[in-house]
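This report refers to the structure that appears directly beneath it.
Values in this text are rule-based calculations from the coordinates and carry no lab data. Predicted model, so just to flag it, every value in this text is computed and none were measured. All Cβ positions, glycine included, derive from the backbone under ideal geometry; neighbour counts span all protein chains shown.
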Amino acid sequence: MTQQLELAAYSTSTGEAFQFWVLGTVAVIGALCTVFMKKAVHSALCLAGTMIVLAVFYLTNGAYFLGIVQIVVYTGAIMMLFLFVVMLVGVTAADSLKETIKGQRWLALLCGLGFGILLVGGIGNASLKEFNGLGQANANGNVEGLAALIFTKYVYAFELTGALLITAAVGAMVLTHKERTERARTQRELAEQRVREGKQVPPLPAPGVYARHNAVDIAGLLPDGTPSDLTVSKTLRERGQIRDVSAEAINDLKALEQRSAERLERTPIEPANLKRAEEASK
Amino acid sequence: MNPVNYLYLAALLFTIGATGVLIRRNAIVVFMCVELMLNACNLAFVAFSRMHGNLDGQIIAFFTMVVAAAEVVVGLAIIVSLFRTRHSASVDDASLMKL
Amino acid sequence: MENLIALLVAAPLLGAAVLLCGGRRLDAVGHWIGTVLAAVSFVIGIVLFADMLGKGPEERTLTQHLFTWIPVGDFQAEIGFQLDQLSMTFVLLISGVGSLIHLYSVGYMEHDERRRRFFGYLNLFLAAMLLLVLADNYLLLYVGWEGVGLASYLLIGFWQHKPSAATAAKKAFLVNRVGDMGLSIAIMLMFTTFGTFAFGPVLASTGDASEGMLTAIGLMLLLAACGKSAQVPLQSWLGDAMEGPTPVSALIHAATMVTAGVYLIVRSADIFNASPDAQLVTTVVGAVTLLFGAIVGCAKDDIKKALAGSTMSQIGYMVLAAGLGPIGYVFAIMHLVTHGFFKAGLFLGAGSVMHGMNDEVDMRKYGGLRKYMPITFVTFGLGYLAIIGFPGLSGFFSKDKIIEAAFAKGGTEGWILGSVALLGAAITAYYMTRVMLMTFFGEERWRNQPTASPDEPSAEPAAEHHGAHAEPHPHESPKVMTIPMIVLAVGSVFAGGFFSIGNRFEHWLEPVTGYKHGNPPVSALTVTLSTMVVLVIGAGIAYAQYGRRPVPVVAPRGSLLTRAARRDLLQDDFNHVVLVRGGEHLTRSLVYVDHTLVDGVVNGTAASVGGLSGRLRRLQNGYARSYAVSMFGGAAILIAATLLMRGV
Amino acid sequence: MTTMSQVVNAGFPLLTVTAGLPAVGAIATAAVPAARRTAAKWLALLVSLATLVLAVVILVRFEPGGDRYQLNESHAWIADFGVRYELGVDGIAVALIALTALLIPFVILAGWHDADPLETKSSRWRPTQGFFALILAVEAMVILSFEATDVFLFYIFFEAMLIPMYFLIGGFGDRAHQHGDKAAATQRSYAAVKFLLYNLVGGLIMLAAVIGLYVVAGTFSLSEIADARASGNLDMATGTERWLFLGFFFAFAVKAPLWPLHTWLPNAMGEATAPVAVLITAVVDKVGTFAMLRFCLQLFPEASKWATPVILVLALISIIYGALLAVGQRDIKRLVAYASISHFGFIIMGIFAMTTQGQSGATLYMVNHGISTAALMLVAGFLISRRGSRLIADYGGVQKVAPVLAGTFLIGGLATLSLPGLAPFVSEFLVLVGTFARYPVIGIIATFGIVLAALYTLVLYQRTMTGPVKAEVAEMPDLKLRELVVVAPLIALLIFLGVYPKPVTDIVNPAVQHTMSDVQQKDPQPDVEAAK
């Protein structure tokens, strides 16, 4: 047993070493991506990945409970929360990695570098010789061990965290809750207001006229084939995810007319009065 | 392999997270970086607890998680309300804190 | 018996307290209260005097110890009185002349609505003056010394609505303060030298002290004397002091207070005896002042200022005598007493003249008044004869003795001093004759012209009642004013003779001041005769100038000396240019310095700190991320620090 | 360790009560509802009178011949740092406590209307209560700092005093200047801030010294340190002692104030109302000079002797400089302020002359200067409140229309120029003699101060009171009953102490003897043994 400890003091199993090097790389890459990804969503996903890796490390370090909690709470709950917020907030100019504060980036990188070096150096010449695994600690179960500590030694802290969580929840509600000051307006009033302001009396035009794909990201076409912005959501437009099909639609239209003209030996309509018809329709 | 490597990894992650906090403007991403830092710390705690052979480190890590959860909740709420008022999630837009 | 001594001071002090705190309800009787209390202290003085005469010359000194005033370590200041022959002389003079002048003031101040306060001040003066001469140590004497200064300040400035009066009062007090400085330094020197400042111990142990120390003490005392007795160089206040009501000029600035300096010197006789240098300086000061005052007196057209000049010069005689040592002390005091009589009489006469002349003070607007105010004429005339030293009258004896003593000093200085004294006598005769002629003889220059010239704004309230700018109607003053004049005239006729016959005065004072008969190089008779001669010459010149020829109403330009003398020999101009202007500049520049330099340094520091923080605040750009950077950097530095700590 | 000089009497905590009463009174006064202004005034007045009674009790209970510190109280306070709540009074403290307790009622009475709302109708006006509460608070702190024999305890009150003073100066200007005069308000706040900053800087330096003292001595108890010094158990390095001394002295010199740290005083006294000005110069500043006597000399005798020449020269400069500037002033209150600077020069000179006469004189001077300045300043305040201007040039001939006012003003002025027969003369002469005995030249130069004093006092009196009556003052009313009640006792006291100062000197002398033995100084002996 002591033999084992002695040995354990200086190294761990090769499997763990292998796992460490592989997953460690992944974790670092994930972290870097979290920082440097342009889109918040991607950052979130990379972070999730890193967290999962960390969860694995917890498990290998004998912190079974924490490993699970890491996966369930962090990756499961917190990251989802992040994603929700990303959806709420949507995409903003903040996404560009272009620095606006003068010298901020260089200072940041410098500090980061120095900090990291110092930290590593610190760990380097810290005397971390003794290494006795969690053999006895986890003797009768990691969870039980934790529980024993939490409810005896750290019970006050534990209670306090309870209070903290409640406060946080309430705080979040208070922060995000918006008091409705005036009566909600009925549909009728809304309609009247629209009429008064004279904008878009009928409902917005549906997207996806001549649709070929799932139509949400394709602007509906006006009779002359030009796309109408009203038909697609603002978010998509900002993301630049609108696919414009007006050109090919107009080509199809031409082809159709030509065919029908060949069949009926009819002179084609002048585009002029076609335009006029368009005016009328607007 | 010497388990001290876990500490090096933790240090690395922490530094990356910190740098991220400094260079990103999107409040959400900043938050993610903070989470990253917290996790790095947790990793260090867990590694320490293994080295010292007692569970206190894990306990601390556990508390860290709880606090992190609370912090995220409040923080995100703040972000949302910030977005409501300023129509942007950029931390630089909230720059009234000066003389 | 000695318990009465305190009453001497207490009576007028009580009067002052009652009158000043009493309020308007005492206005009706205030002046009588004051007069009666002054008389009371005179009566007590008489009683003590009689008692003193009953004893042998040696055990005539009475002492009374009231209580310990300031006990701090070796510094033991007592409140105690000492009444010996010297003090007794002063007590009688002060309370006697004082009572008379109280009486005179009853009439003189009749029309002044603040008469009650005037008598309060007079009583305060009496109390302080008596304290001065009765104190048995220098510190208590200092109290009286400053007390009389205060009283004179209040009385000179009695007509405060006149800026000139207020200024004169302030000037008098300030110049006196300079003298007081001397006295206080002298007391400190005594304390450090002898460990005490009571008359007895100090004067008894002068033998043991070093001569240099004694000279220093003597000179400091002399400085004090100069301040109080208007000796050069601190004489400049006396002329202006004539702004006060005439009784004040008579009592304080002729008879009593201004002689306090002489008292101080004579009282400190042992100190001066032990220090020839101090004595020499004293005689010089006396001689200079003697001439100075006399010359000024010749040029003044304001009757009171002329008399003031003469006062200065007469006190010069006394100081000169006091500086001569044992051969002179007695005569200094004797001249002091006789001078008290005739100078008071002269001032009261002048007051009476002004009273009848709508408070006109310019002698060039008098003339031929003898018909209109006979009593005043007679009394004034007797005073005149006394002061010029007409044979047989008081002044003759006292002044002649002084001149003899001056010659008796021996050596060249004896000759110099003696001849100066002689010259002084001649000038005295000249200017007094001039006053006499201009006032009572010649044609009546006051006819058909309004008195009270504009540049001399009439101050005395009596003027309002007579109508200031009408042609004056000279008239004799009421009895209450003439009686004191008569009494004083009698005194100025007989006092000198009474003292001198059988050298009474010498024997009387000898136990206190010591007396050594000084033999002049020439026989006493020669001195007397020469005095007579110069006297006749002086009077003759005056007669030639003012008796034979008519006196111009507007003063002629006069010679350079005359013009200088009219301006107090440019003393005031000197003071004004050097002290006043210089002082003003000094204070102004100091105020500037205080504001810009001392204060500026501080404000400058504040400003610079503000500027620095103004620059620092640029760092506060409000971007959370740059704050975070600094925080992060700080953390890095902390780690570095800890590592280094572990390193070493 | 308990030393012979602090036998704690288990009896009635007289000192605590004396200091506590005004403190409680302050709270009570502040709590009086807004509308009941007059009630608050009367409450404050009664409290201050009760405090005066207690002070008299202290005066009676104190035996001049007895222990150095009497009526001691001692309780553990901050055990970790050895800070104790330790009170005790020696003769000097007793005299000054009596002075403080005596002056406060007059201050309150004189400031009766100073904090009234401009329109009398307003029922929601609180500052009146605040004004009187603050005055009582100052009294409490001053008394406590006179009583404290624990250095740290003293430091706390020495500093805390600044808070109420700051509000008194900055919050309540002359009624004359309150009529919507913005400039006056800004000047006032400038003065208040200046006062605060000066004293804070001094206080902080002193704090450093206090901590340093603790590090060196290991205790804050004055008596313990003093005994240790005396018995040689505690010897400081010369350098250390000097630095500590300078730290303490600087704070006291600012408070006193000593040239060139004086410039806050004219602003503060000029802008504050007359009663507050009296509070500053007659009560609060005394803590500075008192502390020099009690702490500087007692804790650092060697350093005190080392610094004496410089301090004496500075004091001399204060005397002459203050007097000269007083002559140059156009503002009545600033003039009095500079006169006070000159007088503080005398006090400090007396303290550091290291002679019995000097130190007794200095202590006496603190008391007398308190009374005389109070008399002069309060009358000046009455004058100013009548005409609504502080400029000397705006007055003239007041004596004609208001003789009583002029008379009291003159007496106050004469006291300021230390006329014999009035109290200040005794102390000033003692200081001069005491200084002269050891440093003749300085003593002689200092006597010029008495001439200058006469100059500025008489110039002030002449320009304001005499001369032709100015139109603006033509119908100026004479002193009212309340004002007479304020002035008359002060003047009576001035005269009494001038004629019979023995009661005070008897209390002070033993304490001064102790101090003299602390600094191992003997009075210089006369050259000649005078014949008795």
For this session: Set the Förster distance to 30 Å, then compute FRET efficiency between C:Leu619 and D:Gln187 from the Cβ-Cβ distance, nearest 0.05.
Result: 0.35
Exercise. Among C:Met188, C:Gln160, C:Asn273, which residue has its Cα positioned farthest towards the positive end of the charge dipole of chain C, with +1 placed on the Cβ of Lys and Arg, -1 on the Cβ of Asp and Glu, and the dipole taken about the Cα centre?
Worked result: C:Gln160
Exercise. Based only on Cα atoms, what Rg/Rh ratio does chain D have, Rh being taken as Kirkwood's radius?
Worked result: 0.96
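Using the Cα centre as the reference, give the magnitude of the dipole from point charges on the C-beta atoms of the protein assembly as shown (Lys, Arg: +1; Asp, Glu: -1; all else neutral), rounded to the nearest 20 debye.
The calculation lands at about 3960 debye.
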Exercise. If each of D:Thr38 and C:Leu7 carries a label point 7 Å out from its Cα toward its Cβ, how far apart are those two points in nm?
Worked result: 5.2 nm
Problem set entry | Charge tally in the Cβ shell below 13 Å around B:Val80, where Lys, Arg are +1 and Asp, Glu are -1, B:Val80 excluded | +3
Problem set entry | Model label zone, A:Ile29; criterion: amide N under 12 Å from point 7 Å along Cα-to-beta-carbon; scope region A:41-64 | A:50
For this session: Please report D:Leu197, A:Leu66 as a ranked list, fewest other C-beta atoms within 10 angstrom at the top and most at the bottom.
Result: D:Leu197, A:Leu66
Seminar exercise, completed: XL table C:Lys228/C:Lys409; A:Lys178/A:Lys234; D:Lys400/D:Lys502; C:Lys162/C:Lys300; Cα-Cα > 28 Å flagged, in table order, is D:Lys400/D:Lys502
Problem set entry | Alpha carbon centroid spacing (whole Å) that separates region C:331-368 from region D:313-343 | 43 Å
Problem set entry | Dipole magnitude (debye, nearest 20) for region B:4-86, charges at Cβ of Lys, Arg, Asp, Glu | 360 debye
Seminar exercise, completed: Taking only the alpha-carbon positions of region D:300-523 as identical scatterers, the Debye log10 I(q)/I(0) at q = 0.08, 0.16, 0.17, 0.18 Å⁻¹ comes out as -0.31, -1.01, -1.10, -1.19
For this session: Determine the equivalent ellipsoid of chain B by diagonalising the alpha-carbon gyration tensor, then write out the semi-axes as square roots of 5 times the eigenvalues, largest first, rounded to whole Å.
Result: 32, 15, 9
Seminar exercise, completed: If unit charges are put on Cβ atoms (+1 for Lys and Arg, -1 for Asp and Glu) and the dipole of the protein assembly as shown is taken about its Cα centre, the option from A:Val26, D:His75, D:Ala31 lying farthest towards the positive end turns out to be A:Val26
Problem set entry | Extended-chain gain in nm, criterion 0.36 nm per residue less alpha-carbon gap, C:His576 and C:Ser419 | 53.2 nm
Exercise. Expressed as an acute angle from 0 to 90° and rounded to the nearest 10, what is the orientation of the C-alpha long axis of helix B:27-52 relative to the principal long axis of chain B?
Worked result: 10 degrees
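Add +1 for every Lys or Arg and -1 for every Asp or Glu among the other residues with Cβ under 15 Å from the Cβ of C:Ile44, and state the total.
-2
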For this session: Show which aspartates and glutamates lie in cross-link reach of A:Lys102 when reach means a straight Cα distance below 15 angstrom and same-chain residues fewer than eight apart are skipped.
Result: B:Asp92
For this session: Would you mind pulling out the separation of the Cα centroids of region C:557-583 and region D:366-389, in Å?
Result: 39 Å
Exercise. Of all the Cα-Cα pairs you can form in chain C, what percent are over 36 Å apart?
Worked result: 41 percent
For this session: Could you calculate the FRET efficiency of D:Val404 with C:Ile541 from 1/(1 + (r/R0)^6), where r is the beta carbon distance between them and R0 is 60 Å, rounded to 0.05?
Result: 0.65
Exercise. Can you sort C:Ser419, C:Ser184 so the residue with the fewest Cβ neighbours within 10 Å comes first?
Worked result: C:Ser419, C:Ser184
Exercise. Around C:Pro276, what is the net charge, scoring Lys/Arg as +1 and Asp/Glu as -1 over all other residues with Cβ under 14 Å from its Cβ?
Worked result: -3
Exercise. To the nearest 0.05, how large is the calculated FRET efficiency for A:Thr226 and A:Leu110 if R₀ is 45 Å and r is the Cβ-Cβ distance?
Worked result: 0.30
Problem set entry | Cα-centre dipole for chain C with unit charges at Cβ (Lys and Arg positive, Asp and Glu negative), debye to 20 | 1740 debye
Exercise. For the protein assembly as shown, how big is Rg over Rh, using alpha carbon atoms and the Kirkwood form of Rh?
Worked result: 1.21
Exercise. In whole Å, how far is the Cα centre of region C:24-87 from that of region B:40-99?
Worked result: 97 Å
Seminar exercise, completed: If unit charges are put on Cβ atoms (+1 for Lys and Arg, -1 for Asp and Glu) and the dipole of chain C is taken about its Cα centre, the option from C:Ser95, C:Val202, C:Pro245 lying farthest towards the positive end turns out to be C:Pro245
Exercise. Spin-label point model (7 Å from Cα, Cβ direction): what's the D:Glu472 to A:Ala139 distance in nm?
Worked result: 9.6 nm
